[in-house]
1. Can you confirm whether residue 128 is away from the ligand (no atom under 16 Å from the Cβ), assigned by TED's automatic domain parsing to the domain that holds residue 275, touching a residue at least 12 places away in the same chain (Cβ under 8 Å) and surrounded by 17 or more Cβ atoms within 10 Å (Cβ to Cβ)?
2. From the list 367, 348, 341, 360, pick out the single residue that is assigned to a helix (DSSP H, G or I) and either within 17 Å of residue 30 (Cα to Cα) or outside the structural domain of residue 215 (by TED's automatic domain parsing) (or both).
3. Which one of 46, 93 is at pLDDT 95 or above and over 26 Å from residue 211 (Cβ atoms)?
Ligand SMILES: *Cc1c(COP(=O)(O)O)cnc(C)c1O
C-alpha cells in the first residue's frame, strides 16, 4: 500500500503545526515514517487520503466503541446543529444525559460535563483537594490522566521522594504535590501514605490501566486501595476516561464491584465529540461552584452537539444488553488467534486483554506495570506496526498503546487480521 499523499500532507502540516500534529501520539516518532491522513471512516474502517482502506484498531483512541460514523450519533448531531450549535445557557439535553449516566454508573449522584478527559481529571483533583483540604495526590507511574500540570510527573528518585516533572513548564512547586507509586504495588502506596500522614487528598488510578498497554489490576489491588483510602480520609479517584462505558455499562466500579469516590469520564461518553465528565456522590459534587467553594467552569461545557452525540451513544450502550459480552468475545477470539500464529512463528510475546481492550507486548514476562511494559522489544514492534500498515491494518504507532475492539468489527476482519499477523511475524 502506498501512503504518498499522506506524506505530502504531513510535510504541509509540519510547516504550520508543531510536529504536524495536534496531539503528539498521532506522530510516528516511535515507529518512524509519517502519519496517515484520514479522509473518512465508517464502521470498522478508515479511508485515507491515498484511497487505502484500513481496519482500525485505534478507534479515535477509544471513543468509537460502536464503530465510525454510527448512524444514531451522526443523525443526533445533524439534527441538533440545525437548532444552534452553542448557547452558554442550560438545555434539557444536559439533564437527560446526566440522568442516564447517573442511572448507568454505580455510586454517583451527580455529574458535571467538561470538554475533555484532561479537564475531567484536572477538575476531579481540584475538587478532591477542596473537599479534603489537603494538597498532595498519589498517581501511578505509567497511568495517564491527561496533560494538566499535576499529572505530568513520572519517576522520582525513589518511592518516597517527590516526583520530578517530566515536562519543562511544570513547576517544581506543582511536582512536589504529586507522589508517584508503581501500578499494582500496594507496599509502595502504604509507604507513601505513612510518610505523608493527613496530607494526601486523593489517590488517582486507571482502575484498568490502558496507557502503557492494557494492564488489568492484580487481584486485591483496587480493593486494598479502597480500604487504604477509607482508613486514611483519602478520596479514591477512578480515572475511567478509557474504561468508562467500555468495560461495563457502569465501568470498572461495576465490573469489580468497588466504589470510587470520584469517577472521571471521557472518550466513549462523547460518542466522538469533545466531552469529558466527572461524577461523585452529592456530598462531594455539591462542593463545586455555584453550590460550593471549588471553582470549575467552561464556555462550551455541555455543548448541545456534544451532548446529543453522547446521549445517542449512551442510550445505545444502555439498551443493548449483549454489547459488552459481544465485544469481549471478539477480543478473546482475536487474542487466541494472535497467540496461535505468534507461537507458530516462534515470536516472544505477552498478550494482555480485558473486555474490549487488548495489547501485544514483545517480551515473554508478565506485563503488570510501567517497568515490565517497557521491557518490550521496540525493534520488533516497529516491524510489526509497519508490516500491518502494509496489510491495511492500523494499530497505534507505539508499543505502549491498547488496541480497541469495536462492535463494527466482523469475524472476517478479525480472521484477516490474524492471518496478516501470521504473514508479518514471519518477517521478524
Ligand atoms: C485519554 C485519557 C485521558 C485524557 O483525555 P483527553 O480527552 O485526551 O484529554 C485521561 N485519562 C485516561 C485514562 C485516558 O485514557
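The values are calculated or read from the model by the stated rules, or taken from the named source; none is laboratory data. Note that the coordinates shown come from a computational prediction; the quantities given were computed from them, not determined experimentally. Virtual Cβ from ideal backbone geometry, glycine too; neighbours counted across all protein chains shown.
1. No, not satisfied.
2. 341 is the lone residue from the list that is assigned to a helix (DSSP H, G or I) and either within 17 Å of residue 30 (Cα to Cα) or outside the structural domain of residue 215 (by TED's automatic domain parsing) (or both).
3. 93
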